[in-house]
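*Asks:* Pasting a structure below so you can have a look.
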Amino acid sequence: MSDRLFSQKYHLGHFPTPLEPMRRFSHHLGGPEIWIKRDDCTGLAGGGNKTRKLEYLISDALRTGADTLITTGALQSNHARQTAAAAAKVGLNCLLLLEDAVPFRAPYYHDMGNLLLDDLLSAQVQRLPRGSDLTKAALEAAAILRKAGKRPYTIPLGGSNGLGALAYVDGVGELAEQAKALAIEFDYVVVASGSGGTHAGILAGAAYFKQPWRTLGVSVSSQPPEQRHKIEAILSDLENYLPDRCTDLSVDVDAGQIGSGYGQPTRQAVAAIRLVAETEAILLDPVYTGKAMAGLMDFVQTQKLSIGKRVLFWHTGGADVLSAYTSDLVRS
């Protein structure tokens, strides 16, 4: 891609990620033709969607002369793990401020999955109690580091600001080139919607690259009004990089898969994880992609996505967390 808008990034991942048909899964559902964009294959310590964002955010951090990355998330944050990996890759220190946000978890939840990988990547982890103000904690940590002579760079929750979302505008350009080479177009794109940066970037990217699809975000934590507000704020921040026509957009959010809340597996998500594993040998997770795929399956069952349509599921990674959810996933 020649556009200079997307040239200011530090290469961390394996791109382009694969674009694959989900033939057996599609046949099982008996509905639309389903494809998958494999951002679980970005290659940075397990991969995932945050690798795209971090290419832009790390570039900015290095430009400012930072020596330490600070970011926030839940204990099993995929974003935190990938931030730790990016820091290790480029030789920066990394401080992760992680909230014990998910109640009623087994003891091993607090040591396995992404937390184990954070430790292997030599990130400094500060565990915070449920309900902590993560934005305030990050500001205080940055102030302490600056007082000690360090040069911290704070990455927001999920890497979800305008610069992080720009990475997914770039990602849509990558997908558009792949689809053009295969002479196909998508009617819908389905993606997990959490901190909102990936969802916002795909929306803006479709407008920027004039893609015809409708983007459907499946919320994993927030009801539609709150989720739309988050995404609209990121789109507003994207105005620093893109023309207005690419940021003044309608936001579709489905909240039917949240269940008991963020990080709490649902019966539908577990069923989706098992079905995709059994039919396509692709691993989803119970926090993000399992719930998003459960949403897609519900859209097929209710004929929101019907026969004759072509649907893309954008896989955002997260399988590294599976070992922290063993009791939820093992057949009884």
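FYI, it's all coordinate maths here, none of it is from the lab. Please read all numbers here as calculations on a predicted model, not as lab measurements. Cβ sites come from the backbone with ideal geometry, for glycine too, and all protein chains shown count toward neighbours.
*Asks:* Which cross-chain or sequence-distant (5 or more) residues have an amide H under 5 Å from the amide H of Thr154, H modelled 1.01 Å from N in plane?
*Replies:* Ile70
*Asks:* Using every Cα-Cα pair within the stretch 198-332, state what percent have a distance larger than 17 Å.
*Replies:* Counting pairs separated by more than 17 Å, the tail of P(r) holds 62 percent.
*Asks:* With label points built 7 Å along Cα→Cβ from the Cα atoms of His14 and Gln178, find their separation and express it in nm.
*Replies:* With each label placed 7 Å out from Cα toward Cβ, I get 1.3 nm.
*Asks:* Beyond a 27 Å Cα-Cα separation, which of these cross-linked pairs lie in this structure: Lys89/Lys291; Lys9/Lys37; Lys210/Lys304; Lys89/Lys180; Lys89/Lys210? Present the calculation step by step, with values, prior to reporting the outcome.
*Replies:* Numbers: Lys89/Lys291 31 Å; Lys9/Lys37 21 Å; Lys210/Lys304 23 Å; Lys89/Lys180 33 Å; Lys89/Lys210 35 Å.
With Cα atoms farther than 27 Å apart: Lys89/Lys291; Lys89/Lys180; Lys89/Lys210.
*Asks:* Which whole-Hz couplings ³J(HN,Hα) result when phi for each residue of the stretch 212-229 is put into the Karplus expression 6.51 cos²θ - 1.76 cosθ + 1.60, θ = phi - 60°, listed in order with x for Gly and Pro?
*Replies:* So the Karplus estimates, Gly and Pro as x, are x, 6, 9, 8, 10, x, 9, 5, 9, 8, 10, 5, x, x, 5, 5, 4, 4 Hz.
*Asks:* Okay, moving on. Provide Rg and Dmax in Å for the stretch 50-158, with only Cα atoms included in the calculation.
*Replies:* 13.3, 42
*Asks:* Measuring from centroid to centroid over Cα atoms, what is the spacing of the stretch 16-79 and the stretch 252-268 in Å?
*Replies:* Distance between centres, Cα-based: 20 Å.
*Asks:* Percent relative contact order of the chain, based on C-alpha pairs within less than 8 angstrom and at least six residues apart? Before the final figure, lay out each step's value.
*Replies:* On the way: 681 pairs, mean separation 72.5, N = 332.
This gives 22 percent for the chain.
*Asks:* Classify the chain: rounded, prolate or oblate, from the alpha-carbon gyration tensor (a ≥ b ≥ c, eigenvalue square roots; a/c under 1.5 rounded; otherwise prolate if a/b is larger than b/c)?
*Replies:* Numbers: a/c = 1.72, a/b = 1.22, b/c = 1.40.
Because a/c hits 1.5 or more and a/b fails to exceed b/c, the chain counts as oblate.
*Asks:* For the chain, what does -39500 (n - 2.57) per DSSP helix run (n ≥ 4), summed and divided by total residues, give at 222 nm, in deg cm²/dmol to the nearest 500? Write down the numbers at each step before the final one.
*Replies:* Values: 11 runs with 134 residues, N = 332.
So the helix-based figure for the chain works out to -12500 deg cm²/dmol.
*Asks:* Residue by residue through the stretch 271-287, what is 3J(HN,Hα) from phi via Karplus (6.51 cos²θ - 1.76 cosθ + 1.60, θ = phi - 60°)? Round to whole Hz and write x for glycine and proline.
*Replies:* 4, 5, 4, 5, 5, 5, 5, 6, 9, 10, 6, 10, 9, 9, 10, x, 9
*Asks:* Right, here's the next one. So for Ser219, Ser327, fewest C-beta neighbours within 10 Å to most, what's the order?
*Replies:* Details: Ser219 26, Ser327 12.
Going from sparsest to densest Cβ surroundings: Ser327, Ser219.
*Asks:* Something else now. Using +1 at the Cβ of each Lys and Arg and -1 at the Cβ of each Asp and Glu in the chain, identify which of Gly295, Thr83, Val270 lies farthest towards the dipole's positive end.
*Replies:* Final value for the positive-end residue is Thr83.
*Asks:* Ok, one more. Test of understanding: what is the full-extension gain from His28 to Leu62, defined as 0.36 nm times their sequence separation minus their Cα-Cα distance? Intermediate results must be reported in sequence, preceding the final value.
*Replies:* Working: separation 34, 0.36 × 34 = 12.24 nm, distance 4.72 nm.
Extra length from His28 to Leu62 when fully extended: 7.5 nm.
*Asks:* Determine, from the Cβ-Cβ distance of Arg214 and Glu278 and an R0 of 30 Å, the FRET efficiency 1/(1 + (r/R0)^6), rounded to the nearest 0.05.
*Replies:* Efficiency at R0 = 30 Å is approximately 0.55.
*Asks:* Here's something else I'd like to know. Say a site is exposed when it is one of the GluC sites (Glu not before Pro), sits in a DSSP loop, and has at most 15 other Cβ atoms within 10 Å; what is then the longest site-free stretch of the chain?
*Replies:* Values: sites that count: Glu185, Glu239.
For GluC sites (Glu not before Pro) (loop position, at most 15 other Cβ atoms within 10 Å), the longest site-free span of the chain is 1-184.
*Asks:* A further question on this structure: Under a 5 Å amide H to amide H cut-off, with H placed in plane at 1.01 Å, what residues pair with Phe313 once short-range neighbours are removed?
*Replies:* It is Trp35, Ile36, Lys37, Val190, by chain and number.
*Asks:* Moving to a separate point now. Just report the Cα centroid separation between the stretch 274-292 and the stretch 304-332, whole Å.
*Replies:* The stretch 274-292 and the stretch 304-332 have Cα centres separated by 3 Å.
*Asks:* Against the globular-protein guess of 2.2 N^0.38 Å, express the Cα radius of gyration of the stretch 40-114 as a ratio, rounded to two decimals.
*Replies:* Expressed relative to 2.2 N^0.38 Å, the Cα Rg reads 1.16.
*Asks:* Taking R0 as 22 Å, what FRET efficiency do you get between Arg127 and Arg151 from their Cβ-Cβ distance, rounded to the nearest 0.05?
*Replies:* In this case the efficiency is close to 0.35.
*Asks:* Further question on the same structure: Over what distance in Å are the Cα centres of the stretch 168-185 and the stretch 82-151 separated?
*Replies:* Comparing the Cα centres of the stretch 168-185 and the stretch 82-151, I get a distance of 34 Å.
*Asks:* From the phi angles alone, apply the Karplus equation (6.51, -1.76, 1.60; θ = phi - 60°) to the stretch 156-166 and give each ³J(HN,Hα) in whole Hz, x where the residue is Gly or Pro.
*Replies:* x, 3, x, x, 9, 10, x, 5, x, 5, 4
*Asks:* Next up: Please report Tyr325, Tyr153 as a ranked list, fewest other C-beta atoms within 10 angstrom at the top and most at the bottom.
*Replies:* Values: Tyr325 24, Tyr153 21.
With the fewest neighbours first, Tyr325, Tyr153 line up as Tyr153, Tyr325.
*Asks:* Sticking with this structure for a sec: Sequence gap at least 6, Cα distance under 8 Å: using those rules, report the relative contact order of the stretch 50-158 to the nearest whole percent.
*Replies:* Details: 172 pairs, mean separation 40.6, N = 109.
The value is 37 percent.
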